[in-house]
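Asks: Shown below is the structure under consideration.
The values are calculated or read from the model by the stated rules, or taken from the named source; none is laboratory data. Every value quoted in this text rests on a predicted model; they were computed, and no experiment measured them. In this analysis, Cβ positions are derived from the backbone assuming ideal geometry, glycine residues included, and neighbour counts consider all displayed protein chains.
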């Protein structure tokens, strides 16, 4: 999930995140490219992610995108943001294998961050297939004294 531009750093998720049950259960691995303002998340497709049809459930795809975009907001600003809106377009199913998401900042405002994310099935030999396109709007709450 990298166009080759920029320097990527693999680091633990945001403070406290690596202790969260879902991160561990899903095996999420985060990478950040600070210069390009990009966050990537990769995980193996595990059984708990699958719908009865044998593909990754849409809620898991949405969760992965939300998590990736939220981490990017925090990484870019150092301030926790809250999601105020999402648009998810499912393009293709994700079969067993690996799944990845890559989020990037579209625009930063005084209080809002506009972010987009692509979720892909990561196949063998580096192949990628688009599964969903997600846009999100994140709000920075006022700092309390």
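Asks: Only one of these is modelled with pLDDT of 95 or more, over 29 Å from residue 54 (Cβ atoms), surrounded by 14 or more Cβ atoms within 10 Å (Cβ to Cβ) and in contact with a strand residue (DSSP E or B) (Cβ under 8 Å, 6 or more places away or on another chain): 138, 90. Name it. Give the derivation first.
Replies: Values: 90 fails: over 29 Å from residue 54 (Cβ atoms).
Residue meeting the stated conditions: 138.
Asks: Could you give every pair whose Cβ atoms fall below 7 Å, whose first residue belongs to segment 116-145 and is more than 19 Å from residue 29 (Cα to Cα), and whose second residue is surrounded by 14 or more Cβ atoms within 10 Å (Cβ to Cβ) and modelled with pLDDT under 90, counting only separations of at least 6 or pairs across chains?
Replies: none
Asks: For segment 96-109, check the following and say yes or no: at least one residue is farther than 19 Å from residue 136 by Cα, crowded, with 19+ Cβ neighbours inside 10 Å, more than 14 Å from the chain's Cα centre (by Cα) and at pLDDT 95 or above.
Replies: We begin by selecting, within segment 96-109, every residue farther than 19 Å from residue 136 by Cα; these are 96-99.
The next check asks that each one be crowded, with 19+ Cβ neighbours inside 10 Å; those that pass are 99.
From the residues that got through so far, the ones that are more than 14 Å from the chain's Cα centre (by Cα) too are none.
No - not one qualifying residue is present in segment 96-109.
Asks: Which one of these is in a strand (DSSP E or B) and touching a helix residue (DSSP H, G or I) at 6+ places or on another chain (Cβ under 8 Å): 118, 102? Can you show your working first?
Replies: Numbers: 118 fails: touching a helix residue (DSSP H, G or I) at 6+ places or on another chain (Cβ under 8 Å).
When all the criteria are applied, what remains is 102.
Asks: Quick one: in segment 58-75, of everything that is touching a strand residue (DSSP E or B) at 6+ places or on another chain (Cβ under 7 Å) and surrounded by fewer than 19 Cβ atoms within 10 Å (Cβ to Cβ), which residue is nearest to residue 103 (Cα to Cα)?
Replies: Going through the qualifying residues, I end up with 62.
Asks: Specify the residue that is nearest to residue 115 (Cα to Cα); the eligible residues are those in segment 30-44 that are in contact (Cβ under 8 Å) with a residue 40 or more places away in the chain and not in a strand (DSSP E or B).
Replies: Ranking the qualifying residues of segment 30-44, first place goes to 37.
Asks: Condition first: in contact with a strand residue (DSSP E or B) (Cβ under 9 Å, 6 or more places away or on another chain) and either over 25 Å from residue 52 (Cβ atoms) or surrounded by fewer than 16 Cβ atoms within 10 Å (Cβ to Cβ) (or both). Now tell me which residues in segment 110-128 satisfy that.
Replies: Our first condition is that a residue be in contact with a strand residue (DSSP E or B) (Cβ under 9 Å, 6 or more places away or on another chain); within segment 110-128, this holds for 111-123, 127-128.
Once the filter is applied, which keeps residues that are in contact with a strand residue (DSSP E or B) (Cβ under 9 Å, 6 or more places away or on another chain) and either over 25 Å from residue 52 (Cβ atoms) or surrounded by fewer than 16 Cβ atoms within 10 Å (Cβ to Cβ) (or both), segment 110-128 yields 111, 112, 113, 114, 115, 116, 117, 118, 123, 127, 128.
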